[in-house]
1. So the check is Cβ under 6 Å with 6+ separation or different chains; which pairs have a first residue in the range A:7-35 that's among the polar types (S, T, N, Q) and a second one that's part of a loop (DSSP other than H, G, I, E, B)?
2. If a residue has to be more than 14 Å from B:PRO43 (Cα to Cα), assigned to a strand (DSSP E or B) and within 14 Å of another protein chain (Cβ to nearest Cβ) to count, how many in the range B:77-114 make the cut?
3. Which of the strands (runs of 3 or more DSSP E) contained wholly in the range A:19-61 include at least 2 residues that are surrounded by 15 or more Cβ atoms within 10 Å (Cβ to Cβ) and at the interface with chain B (Cβ under 10 Å from one of its Cβ atoms)?
4. Taking the range A:67-116 on its own, how many of its residues are within 8 Å of chain B (Cβ to nearest Cβ), crowded, with 20+ Cβ neighbours inside 10 Å and in contact (Cβ under 8 Å) with a residue 12 or more places away in the chain?
5. Within the range A:100-116, count every residue that is among the hydrophobic types (A, V, I, L, M, F, W, C) and at pLDDT 95 or above.
Amino acid sequence: AQTVTQSQPEMSVQEAETVTLSCTYDTSESDYYLFWYKQPPSRQMILVIRQEAYKQQNATENRFSVNFQKAAKSFSLKISDSQLGDAAMYFCAYKQNQGGSEKLVFGKGMKLTVNP
Amino acid sequence: DTEVTQTPKHLVMGMTNKKSLKCEQHMGHRAMYWYKQKAKKPPELMFVYSYEKLSINESVPSRFSPECPNSSLLNLHLHALQPEDSALYLCASSQSGALNEKLFFGSGTQLSVL
């Protein structure tokens with residue numbers, strides 16, 4: 001079965017600093033997508049960034065970028081110039097095809113605190 | 001309109017009650033999802049509807065009964081729930097269910113079963 005592992009349950013960062021959140025996954029599939037979602041106290045899951053497995057170029061979205069190492073099955077998220085609004089639970093997720101439908105599987109999540 | 005709206009936001013029910021959770025989107029999305037999230041845990045997939053047909057049921061107990069009456073609406077009917085079913089229930093949608101699509105999530109219904 002495909003699994004997603006986030007080994008750090010909590011991290012903190014100073015405002016304006018950079019932080020990296022780690023994620024590893026296990027799969028035998030060749031076609032899949034990886035995502036980072038954040039869940040602030042409002043409870044709504046919000047997409048931060050996504051990566052296509054067959055693309056070697058790392059995805060970037062403004063202050064957010066990933067380091068995708070396909071051979072190592074690693075997918076870390078870097079947040080630059082951290083802001084107070086970045087404080088949230090961050091979930092790494094893997095999307096696979098199951099029985100003709102796409103299934104999103106989440107890691108356990110990591111709580112990010114941003115200190116002023 | 002890029003929202004997924006879930007009602008109610010909070011629900012308290014007894015183990016003998018019957019209640020329903022409602023989810024609505026007007027983005028023209030054809031894939032809709034129910035997730036269950038316990039406190040301090042990740043969301044766990046329950047059901048997937050694709051073009052109004054149930055495509056994935058993650059071995060969810062029959063006391064949870066999903067329904068997709070049209071492409072904009074997704075319901076979750078609850079009957080004879082147990083206290084361990086207390087959780088945040090999240091609805092999500094995506095354009096067609098393709099592998100690369102992002103999911104749009106609602107803010108969830110916080111369910112307490114007494």
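1. Partner pairs satisfying both residue conditions: A:THR18/A:SER80; A:THR24/A:LYS73; A:THR27/A:GLN2.
2. The total comes to 3.
3. Here the list reads A:33-39, A:46-52.
4. 7
5. 3
The values are calculated or read from the model by the stated rules, or taken from the named source; none is laboratory data. All figures in this text were calculated on a predicted structure; none of them were measured in a lab. Methodologically, a virtual Cβ is constructed for each residue, glycine included, from the backbone with ideal geometry; neighbour enumeration extends over all protein chains shown.
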